[in-house]
Amino acid sequence: MTNIALATQEKDIKRCYTVLHELRTHLDESEMVAQILRQQNAGYFLVYCEAEDEIRSVAGFRYSENLAYGKFMYVDDLVTRNEDRSKGFGKLLFDWLVASARAHRCGVVALDSGVQRFGAHRFYLINQMHIVSHHFILRLDA
């Protein structure tokens, strides 16, 4: 049986670490858990897809509003465990995110994806997402 649930307790966040670490390799477990707990205080949600008592895919997201989109869901993190890719777990979680955005009356689901993540780009395009902009950053710690 497959289950999708929000990780609201620290123990659930820790269970998601191994999968999230595949995407956010720069964070160790204690750093990631502490940061997620801080972000949850600012409106961040962590959701996971579990099958056979194992976390298969994880997404971090938040609701926001801006002049470009109106009310929208921004997906900060979306990752499926490497050995579970192309098994439908990412699609289940993606569909859950879209349904949740609709339920919250969002007009857009938005995310950024690293330019090197070709497999992720294929997944997003297959799921009817569109490439609509370039995302620029200026690192201030340099």
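When VAL79, VAL47, VAL58 are checked against the criterion of being surrounded by 19 or more Cβ atoms within 10 Å (Cβ to Cβ), part of a strand (DSSP E or B), out of contact with any Lys or Arg (no Cβ under 9 Å at 6 or more places or on another chain) and of a type in the set (Val, Ile, Thr), VAL47 stands alone in meeting it. Restricting the first member to the stretch 49-60 and to residues that are closer than 10 Å to ARG81 by Cβ, and the second to residues that are among the small types (Gly, Ala, Ser) and in a strand (DSSP E or B), the beta-carbon pairs closer than 9 Å and six or more apart or on different chains are CYS49/ALA5; CYS49/SER57; CYS49/ALA59. Within the stretch 127-141, does at least one residue satisfy the condition of being surrounded by 10 or more Cβ atoms within 10 Å (Cβ to Cβ) and in contact with a Lys or Arg (Cβ under 9 Å, 6 or more places away or on another chain)? Scanning the stretch 127-141 turns up at least one residue that is surrounded by 10 or more Cβ atoms within 10 Å (Cβ to Cβ) and in contact with a Lys or Arg (Cβ under 9 Å, 6 or more places away or on another chain).
In the condition set (1) assigned to a loop (DSSP other than H, G, I, E, B); (2) touching a residue at least 12 places away in the same chain (Cβ under 8 Å); (3) within 22 Å of ILE36 (Cβ to Cβ); (4) among the aliphatic types (A, V, I, L, M), MET129 is compliant with all but (3).
Bear in mind these aren't lab numbers, they're just calculated from the coordinates by the rules spelled out. Computed from a predicted model, the values in this text were never measured in an experiment. Backbone-built Cβ (ideal geometry, glycine too); neighbour counts: all protein chains shown.
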